[in-house]
Amino acid sequence: MIVTPTTIPLPDHTQLPCEDDTFVKNFQEHPQSILITTSICPILALLHPDGCYDIGQDCGIYWQVTNPPLKGVVSPDWFYVPNIPPLLNGQMRRSYVLWQERIPPAIVLEFVSGNGVEERDRDEGGKFWVYETQIQAEYYAIYEVRRRRVEVYCLVNGSYQLVTPNKRGHFPIESLGVELGIWQGVYQNRDLPWLRWWDREGNLLLAAEERAEQQALRAERAELGEQQAREQAERLRQLLIENGIDPDAV
């Protein structure tokens with residue numbers, strides 16, 4: 001039954017359950033969340049120089065006060081909420097409570113392990129219905145690993161409209177200035193199709209490990225260039241000496 005606000009004081013994130021005894025459905029979900037998070041963080045840092053945003057991974061979004069409480073919660077595999085502090089009253093959020101913070105997520109992602117019926121359920125109480133009509137996330141993406149496909153919906157006048165992919169096969173997420181799509185490659189020792197971000201020009205946004213590897217490669221190349229320059233200078237010095245010229249006087 002639904003508990004009205006006049007029945008009891010509305011609970012906050014410290015009073016609501018933060019787990020429902022379910023477990024991650026496959027071994028790709030955890031690294032997939034890390035990949036999506038670490039690659040978008042530099043973009044979010046530019047969008048929010050004050051640091052006011054938060055990301056949830058397998059965290060509950062409470063959208064309705066119910067008894068028992070878990071009837072009014074949904075747990076996306078990944079979501080991003082703009083313009084909220086990363087800590088709430090100095091604490092990490094146990095869950096995201098809409099009636100407490102009132103800002104809907106900009107995007108929610110679901111990683112499908114089954115046939116996708118649950119993620120597309122438009123009946124009252126179904127996931128699609130909840131995201132569209134109750135939470136009203138601006139974007140909702142359904143990623144099916146087995147079928148190598150992603151569907152992206154955008155909230156238009158209160159209802160979800162399917163987003164058309166661009167010429168690169170990516171889905172523009174306008175409010176973030178990025179594109180969402182599928183990339184085949186090796187990440188954390190797994191060669192799989194991965195859900196990833198690109199910028200507006202179609203450049204892949206690198207994960208934290210990839211950025212670190214790229215920086216290390218650049219540093220190695222710079223060090224090699226400096227070493228080659230030193231060796232070349234020493235060869236020139238020896239050549240001058242061999243020809244009876246004081247290199248320090250040149």
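The values are calculated or read from the model by the stated rules, or taken from the named source; none is laboratory data. All values derive from a computational prediction rather than experimental measurement. Reconstructed Cβ throughout: ideal geometry from the backbone, glycine too, with neighbour counts over all protein chains shown.
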Which of the following residues is crowded, with 20+ Cβ neighbours inside 10 Å, under 18 Å from the mean Cα position of the chain (by Cα) and either at pLDDT 95 or above or not in a loop (DSSP other than H, G, I, E, B) (or both): Trp194, Trp183? Trp194
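Which is out of contact with any Gly (no Cβ under 7 Å at 6 or more places or on another chain) and touching a residue at least 24 places away in the same chain (Cβ under 8 Å), of Tyr96, Tyr131, Tyr153? It would help to see each step written out before you state the result.
Numbers: Tyr96 fails: out of contact with any Gly (no Cβ under 7 Å at 6 or more places or on another chain); Tyr153 fails: touching a residue at least 24 places away in the same chain (Cβ under 8 Å).
Being out of contact with any Gly (no Cβ under 7 Å at 6 or more places or on another chain) and touching a residue at least 24 places away in the same chain (Cβ under 8 Å) holds for just one of Tyr96, Tyr131, Tyr153, which is Tyr131.
Can you go through Leu195, Leu162, Leu206 and tell me which one is within 22 Å of Val112 (Cα to Cα), of a type outside the set (Val, Ile, Thr) and touching a helix residue (DSSP H, G or I) at 6+ places or on another chain (Cβ under 7 Å)? Spell out how you get there, then give the answer.
Details: Leu162 fails: touching a helix residue (DSSP H, G or I) at 6+ places or on another chain (Cβ under 7 Å); Leu206 fails: within 22 Å of Val112 (Cα to Cα).
Only one candidate qualifies: Leu195.
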Just to be sure, is Glu110 among the acidic types (Asp, Glu) and either in contact (Cβ under 8 Å) with a residue 24 or more places away in the chain or not in a loop (DSSP other than H, G, I, E, B) (or both)? yes
Kindly indicate which of Gly169, Gly225 is loosely packed, with under 12 Cβ neighbours inside 10 Å and assigned to a loop (DSSP other than H, G, I, E, B). Gly169
Residue tally, condition touching a residue at least 12 places away in the same chain (Cβ under 8 Å) and out of contact with any Leu (no Cβ under 9 Å at 6 or more places or on another chain), over the range 164-173: 4
Does any residue of the range 106-125 turn out to be farther than 20 Å from Glu29 by Cα and aromatic (Phe, Trp, Tyr)? no
Quick check, is Phe79 in contact (Cβ under 8 Å) with a residue 60 or more places away in the chain, in contact with a strand residue (DSSP E or B) (Cβ under 7 Å, 6 or more places away or on another chain) and of a type in the set (Phe, Trp, Tyr)? no
Can you confirm whether Gln188 is under 22 Å from Ser33 (Cβ atoms) and in contact with a helix residue (DSSP H, G or I) (Cβ under 6 Å, 6 or more places away or on another chain)? yes
